[in-house]
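Below is one structure, written out as structure tokens; the observations come after it.
The values are calculated or read from the model by the stated rules, or taken from the named source; none is laboratory data. Just so it is clear, the model here is predicted, and its values are computed rather than measured. Glycine also receives a Cβ, built like all others from the backbone with ideal geometry; neighbour counts cover every protein chain displayed. We work out accessible area using only protein heavy atoms, side chains counted, and drop any ligands, DNA or RNA first. Shrake-Rupley method; radii C 1.70, N 1.55, O 1.52, S 1.80 Å.
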Amino acid sequence: MTDVPRSHPRYESLRTRDAIVAGVQKGITSPHGLIAHGRGEAYDYLLGEKSHDFALAAIDAAAHMLIHARHPVVSVNGNVAALVPDELVELADTLDAPLEVNIFHSSKEREEAIRQFLEEHGAKRLLMPSRDAELDFIDSNRKFVHPQGIYRADVIFVPLEDGDRCQALRKMGKAVVTVDLNPMSRTSRTASITIVDNVVRSLPLLIARIRELRASAPEQPGAEFDNARNLAAAERAIRAESR
Ligand code: PTJ
């Protein structure tokens with residue numbers, strides 16, 4: 001960031017905004033991604049730009065679910081690639097899972113730019129969408145998946161998802177872990193576990209929790225997690241702040 005000093009009270013938010021703008025300039029992020037990011041910023045502002053207890057509870061449940069998965073996959077779109085490339089690679093490495101490029105706004109060039117960018121950030125197992133496997137119950141570009149990736153996955157980590165694919169994956173019997181600052185979105189409501197937090201804050205927390213659990217090797221799947229109840233807590237926090 002060239003002209004914003006570190007002492008600026010909104011430095012972190014402006015730095016994140018710069019990363020999204022750079023993503024568009026590099027051909028990684030869709031221009032629509034700027035609008036999605038702005039919506040996320042508004043919710044984050046109402047949440048006090050911090051990771052609440054409901055986010056930490058969802059992170060804990062997600063960590064348990066991901067380490068017990070047989071075929072976990074980390075799905076990547078143009079926004080998360082621009083915001084958290086190192087963390088996506090680290091998460092996939094920690095889980096010994098592939099990263100899979102899967103974008104909503106169809107563009108071969110952007111898929112390729114995301115692939116290159118993630119490789120520059122150290123991605124080793126990177127799957128691309130293919131015409132060999134298609135998800136049921138969905139018509140958008142996101143139906144084209146890799147046969148060894150999302151198609152056969154039992155648990156999929158899909159931050160900043162659109163509701164359609166989340167619903168399709170659930171109908172196909174797969175578990176979905178998402179990150180979405182809007183607890184009222186269709187994605188939030190249909191996912192198995194929704195982390196209502198900024199992806200920039202929650203990914204390092206998720207990686208740390210997975211590492212902790214790995215070190216203590218828990219055999220149990222973790223405490224009961226009620227997604228609807230957790231979302232209600234997030235919505236209450238937003239409504240209390242905006243009153
Ligand atoms: O790269 P593509 O083509 O796959 O497109 C990606 C976007 C994100 C543009 C696409 O999936 C989309 O349009 O998403 P939506 O339906 O606008 O949903 C994005 C959701 O993510 C919204 O509920 C936002 O509040 C939320 N969001 C935005 N930024 C963040 C966020 N949640 C967590 N962290 C963020 N930084």
- Is it fair to say Pro129 is farther than 29 Å from Asp226 by Cα and within 13 Å of the ligand (Cβ to nearest atom)? yes
- Among the residues of region 191-211, write down those that are farther than 18 Å from Asp162 by Cβ and among the hydrophobic types (A, V, I, L, M, F, W, C). Val200, Leu203, Leu205, Leu206, Ile207, Ala208, Ile210
- Message: Conditions first: (1) buried (at least 23 other Cβ atoms within 10 Å of the Cβ); (2) under 19 Å from Leu66 (Cα atoms); (3) over 14 Å from the mean Cα position of the chain (by Cα); (4) among the hydrophobic types (A, V, I, L, M, F, W, C). Leu127 passes all but one, so which condition is the exception?
- Response: (1)
- Looking only at region 183-220, and only at residues there that are assigned to a loop (DSSP other than H, G, I, E, B) and within 16 Å of the ligand (Cβ to nearest atom), the one that is surrounded by the fewest Cβ atoms within 10 Å (Cβ to Cβ): Met184
- Message: Between a residue in region 109-134 that is farther than 19 Å from Asp93 by Cβ and of a type outside the set (Val, Ile, Thr) and any residue that is away from the ligand (no atom under 16 Å from the Cβ) and open to solvent by less than 90 Å² (accessible area, probe 1.4 Å), which pairs come within a Cβ distance under 9 Å, given they are 6 or more apart or on different chains?
- Response: Ser130/Pro147; Asp132/Pro147; Ala133/Pro147
- Task: Taking Ala92 as the residue in question, decide whether it is of a type in the set (A, V, I, L, M, F, W, C) and within 14 Å of Val176 (Cα to Cα).
- Result: no
- Message: With the requirement that a residue be more than 9 Å from the ligand (Cβ to nearest atom), in contact (Cβ under 8 Å) with a residue 40 or more places away in the chain and either more than 16 Å from Ala57 (Cα to Cα) or in contact with an Asp or Glu (Cβ under 8 Å, 6 or more places away or on another chain) (or both), what does region 166-182 give you?
- Response: Ala175
- Message: Just the residues that are assigned to a loop (DSSP other than H, G, I, E, B), modelled with pLDDT of 95 or more and not aliphatic (A, V, I, L, M), please, taken from region 103-123.
- Response: His121, Gly122
- In region 45-75, anything among the small types (Gly, Ala, Ser) and open to solvent by less than 10 Å² (accessible area, probe 1.4 Å) is listed as Ala55, Ala58, Ala62, Ala63, Ser75
- Query: Taking region 148-172 on its own, how many of its residues are under 16 Å from Met128 (Cα atoms), open to solvent by less than 40 Å² (accessible area, probe 1.4 Å) and in a loop (DSSP other than H, G, I, E, B)?
  - Reply: 4
- Could you tell me which residue of region 130-147 is farthest from Ile238 (Cα to Cα), considering only residues that are in contact with a strand residue (DSSP E or B) (Cβ under 8 Å, 6 or more places away or on another chain), open to solvent by less than 30 Å² (accessible area, probe 1.4 Å) and assigned to a loop (DSSP other than H, G, I, E, B)? Ser130
- Message: Within region 4-102, considering only helices (runs of 4 or more DSSP H) that don't extend past its boundaries, which have at least 3 residues that are small (Gly, Ala, Ser), farther than 17 Å from Glu161 by Cα and within 13 Å of the ligand (Cβ to nearest atom)?
- Response: 11-25
